[in-house]
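Enquirer: Could you have a look at this structure, given as structure tokens, before my questions?
The values are calculated or read from the model by the stated rules, or taken from the named source; none is laboratory data. All values derive from a computational prediction rather than experimental measurement. Reconstructed Cβ throughout: ideal geometry from the backbone, glycine too, with neighbour counts over all protein chains shown. Quick note on the areas: whole protein, heavy atoms, side chains included, nothing else; ligands and nucleic acids left out. Shrake-Rupley method; radii C 1.70, N 1.55, O 1.52, S 1.80 Å.
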Amino acid sequence: MKVKINNNLFDVKTLLTSKDTQKGMMGKKFNGFDGMLFFMKKEPHSFWMKNCVVHLDIIFINDDSIEKIHHNCKPCMSEDCDRYDGYGDLILELPGGTCKKYDIKEGDSIDLL
């Protein structure tokens with residue numbers, strides 16, 4: 001699947017099950033895809049970086065608009081990891097620094113292709 005934000009196309013891996021959502025980017029690098037897109041219930045969500053190996057931009061999307069961005073979230077290898085909260089029905093994880101590089105900001109719209 002592709003996600004379009006501000007004329008930038010990102011090839012994303014989609015996660016639909018709760019098991020896949022819980023694992024997310026744990027122990028993974030971006031090999032063969034630009035990001036991960038989580039399909040969620042429209043409600044508040046909280047993500048953490050436990051066992052992740054790369055920095056991430058975590059983007060909360062509500063009704064095809066970016067609601068909240070947590071920039072360059074750092075990996076965490078302990079049980080005491082920071083939480084990144086937001087609201088939406090989609091959550092997009094991109095490599096850390098991507099949002100700043102492409103001037104992606106809260107309020108921008110997204111298209112799923």
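Enquirer: Suppose we filter G32, G88 for residues that are closer than 18 Å to T14 by Cα, without any contact (Cβ under 8 Å) to a residue 40 or more places away in the chain and not β-branched (V, I, T); which single one remains?
Expert: On inspection, the qualifying residue turns out to be G32.
Enquirer: Shifting gears a bit: Which residues, counting only those in the range 67-102, are surrounded by 14 or more Cβ atoms within 10 Å (Cβ to Cβ), within 14 Å of M49 (Cβ to Cβ) and not β-branched (V, I, T)?
Expert: H70, H71, N72, C73, P75, C76, C81, Y84, E93, L94, P95, G96
Enquirer: Which of the residues belonging to the range 63-82 are among the small types (G, A, S) and assigned to a strand (DSSP E or B)?
Expert: S65 - this is the single residue of the range 63-82 that is among the small types (G, A, S) and assigned to a strand (DSSP E or B).
Enquirer: Right, something else. Looking at this structure, is E106 modelled with pLDDT of 95 or more, open to solvent by 20 Å² or more (accessible area, probe 1.4 Å) and more than 21 Å from M1 (Cβ to Cβ)?
Expert: yes
Enquirer: Identify the residue in the range 1-43 that is surrounded by fewer than 11 Cβ atoms within 10 Å (Cβ to Cβ) and in a strand (DSSP E or B) and, among all such residues, is modelled with the highest pLDDT.
Expert: Once the filter is applied, the top-ranked residue is E43.
Enquirer: Sticking with this structure for a sec: With respect to the numbered conditions (1) closer than 21 Å to N6 by Cα; (2) part of a loop (DSSP other than H, G, I, E, B), which one is the sole condition not fulfilled by F60?
Expert: (2) is the only condition that F60 fails.
Enquirer: Could you list, in sequence order, the residues of the range 44-66 that are open to solvent by 80 Å² or more (accessible area, probe 1.4 Å) and out of contact with any Asp or Glu (no Cβ under 8 Å at 6 or more places or on another chain)?
Expert: H55
Enquirer: Taking only the range 83-105 into account, find how many residues are over 9 Å from I61 (Cα atoms) and outside any helix (DSSP H, G or I).
Expert: Total satisfying the criteria: 12.
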